[in-house]
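All remarks here apply to the structure that follows.
The values are calculated or read from the model by the stated rules, or taken from the named source; none is laboratory data. A quick note: this is a predicted structure, and the numbers were derived from the prediction, not measured. Cβ atoms come from the backbone with ideal geometry, glycine included; neighbour counts cover every protein chain shown. For accessibility, only protein heavy atoms count, side chains too; no ligands or nucleic acids. Shrake-Rupley method; radii C 1.70, N 1.55, O 1.52, S 1.80 Å.
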Amino acid sequence: MNEVKTPKKTPLYYYGIVVLCLMLFNSLVMPWFARRQIKLVDYGTFMTMTENKEIGLVEVQENQILFTDKEQTAVYKTGVMNDPSLVERLKNSGAQFSQQIVEQMSPLASFVIYWILPLVIFFGLGQLMNRKLMNKAGGNSMMFGLGKSSAKVYVKSSEGIHFNDVAGEDEAKDNLKEIVDYLHNPAKYKEIGASMPKGVLLVGPPGTGKTMLAKAVAGEADVPFFSMSGSEFVEMFVGMGASKVRDLFRQAKEKAPCIVFIDEIDAIGKKRDGQIGGNDEREQTLNQLLTEMDGFEGNSGVIILAATNRPESLDPALTRPGRFDRRVPVELPDLQGREEILKVHAKKIKVDSDVDFHQIARMASGASGAELANIVNEAALRAVRDNRSSASQSDLEESIEIVIAGYQKKNAILSDQEKKTVAYHEIGHALVAAKQTQSAPVQKITIIPRTSGALGYTMQVEEGNKYLMTKEEIENKIATFTGGRAAEEVVFGTISTGASNDIEQATKLARAMITRYGMSKDFDMVAMETVSNQYLGGDTSLACSMETQTEIDRQVVALVKQQHAKAVEILKANREKLDELACYLYEKETITGEEFMEILNR
Ligand code: ADP
Ligand code: ZN
């Protein structure tokens, strides 16, 4: 789609520039203009005119004589001759002696030429420009555009985004297809008396294609698409946000049927919590949005789509029926979704014919659509860097690591001891995992430092679409997290800082078991914590008494300790394999899941 930005507001400095131009015009162009007006005549004509008493004003200068006719409509110029009686004759002819004849020539005429004419010219130019911009923008250009919405308008065009461009996300697409159908054929819905939801809320983690889906709806329905980010509404001046909302809806109603897309709606739609000194501007903006949404009829053809990754923070007034009453989850893609997204983006670059997208999708577990797009692009960049004409499987594989863990740090030299520690640490995780499940736990482990700061990188095996986890599985997971540190203890008898992330993860899981999954005997099925931030890291907030908190902490520690001990046991029992695998990794710096299992089962 062609994105046409509405014109920039006309700022005050525009007027400054006009005045400056005016002055320049007067000091440079006008004198030249005036000079051009002076007619050069020969001395004879001057003498004849004097004799015929046709001279009005006259100015004798050092090397020229300027004069006008009686009516002072034109200025003439002639040279100076040795003519002693000239002054006498001029006087007799009734001519008036004058100075600065050009400037004086006619006060009214010069005023018009010097001040009115340029003003008219500039005004005309300004009008012309304004009109041009207005045509482009659909008529919302105004001088002093403060409080005007700066919504981007996507004009309908053939190369717009369509549902085909959005891979995976089938449920979301199904949900939105109804809206497309409505925009195509509103009569069908009116007939039966059904009204479309006014607002649809797209919720999901960042980079899962919410913006794309909104654009695709507009593209499929072939209607204009207004897009604005929630944060753009909230300006420095109080009241501006509200007037922007008003302006946006005015435009939308003019262009109906159309789609209005508000990205990051949580920026304005946060709960109004009644705090003293709260954000007045935001609340005003939100109130205006609510008013506008109530103000138009359900079937007016304006559909509002909004995206957010923190739906729980939205004001309930915004999500009640009649406003954003439909919620479409846009989740992270599953294995099949990832494969499709990779394929969609791979169409834009040249890839070898033997690339196995299924394998890449398996390796990129947990990646969002935006990350997958990035992976494909990184692969293309790698191919260019190596002077190849298309991207290969290994380009894509390396790109996953680049996107998820950062570039390889070529010059970060680990000391020998450090490298050994990292190798044992990573193998520790993998070995504990493998011994518990009797299957390959990893795709690949590398111990090449990354720019993200990771000293090693472990690519987990795709777990498939798993929706439930048993208590034992979670416990095993915790044991696996402690496996890295356990290996350091078993082998070196000392511990390093390399396990901080493991500790965090293990704690999180253990806590969730006790506070949210009801997997502790003492608390039975009582929720001690609620998740407040599902899509952005899953922050939780405690909801229990101080005594219970103390007890929770005690149990979390006990649980992790128990699993840690189990990991140490497993590693001690498999000490030979641990050494063998760690040695292999230390030397090769990379080990695949197959090699790992092969050595383990030898
Ligand atoms: P969001 O609005 O959810 O943060 P976007 O819609 O802006 O995410 O997506 C960012 C980019 O990621 C898109 O431009 C696209 O290249 C890619 N992308 C994300 N999800 C998908 C998908 N399902 N199919 C294809 N590309 C996707
Ligand atoms: Zn670790």
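Data for the structure
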quantity	calculated
Condition broken by Val328, with the remaining ones in (1) within 16 Å of ligand 1 (Cβ to nearest atom); (2) more than 21 Å from the chain's Cα centre (by Cα) satisfied	(2)
Residue in region 391-449 that is nearest to Gly493 (Cα to Cα), counting only those that are at pLDDT below 85 and within 16 Å of ligand 1 (Cβ to nearest atom)	Ile404
Members of region 84-104 found to be of a type in the set (D, E, K, R) and at pLDDT 80 or above, listed by number	Glu88, Arg89, Lys91
Long-range neighbours under 6 Å by Cβ, at least six apart or interchain, first residue over 20 Å from Ile447 (Cα atoms) within region 495-518, second open to solvent by less than 90 Å² (accessible area, probe 1.4 Å) and within 12 Å of ligand 2 (Cβ to nearest atom)	Gln505/Phe481; Ala506/Phe481; Ala506/Thr482
Neighbours by Cβ (under 6 Å, 6+ apart or cross-chain): first from region 28-47, farther than 14 Å from Phe67 by Cα; second modelled with pLDDT under 85 and open to solvent by 60 Å² or more (accessible area, probe 1.4 Å)	Met30/Tyr114
Residue tally, condition assigned to a loop (DSSP other than H, G, I, E, B) and crowded, with 18+ Cβ neighbours inside 10 Å, over region 193-206	4
Condition check for Val200: at negative phi and within 16 Å of ligand 1 (Cβ to nearest atom)	yes
Helices (runs of 4 or more DSSP H) within region 260-372 that include 3 or more residues surrounded by 19 or more Cβ atoms within 10 Å (Cβ to Cβ)	266-269, 280-295, 335-346, 357-363
Residues satisfying the stated conditions in region 491-526, i.e. open to solvent by less than 30 Å² (accessible area, probe 1.4 Å) and either within 16 Å of ligand 2 (Cβ to nearest atom) or outside any loop (DSSP other than H, G, I, E, B) (or both)	Ala499, Asp502, Ala506, Ala510, Ala512, Met513, Ile514, Thr515
Residue in region 245-262 that is closer than 19 Å to Ala370 by Cβ, among the aliphatic types (A, V, I, L, M) and either modelled with pLDDT of 85 or more or touching a Phe, Trp or Tyr at 6+ places or on another chain (Cβ under 9 Å) (or both) present	no
Conditions (1) over 57 Å from the mean Cα position of the chain (by Cα); (2) modelled with pLDDT under 80: number failed by Asn26	(1)
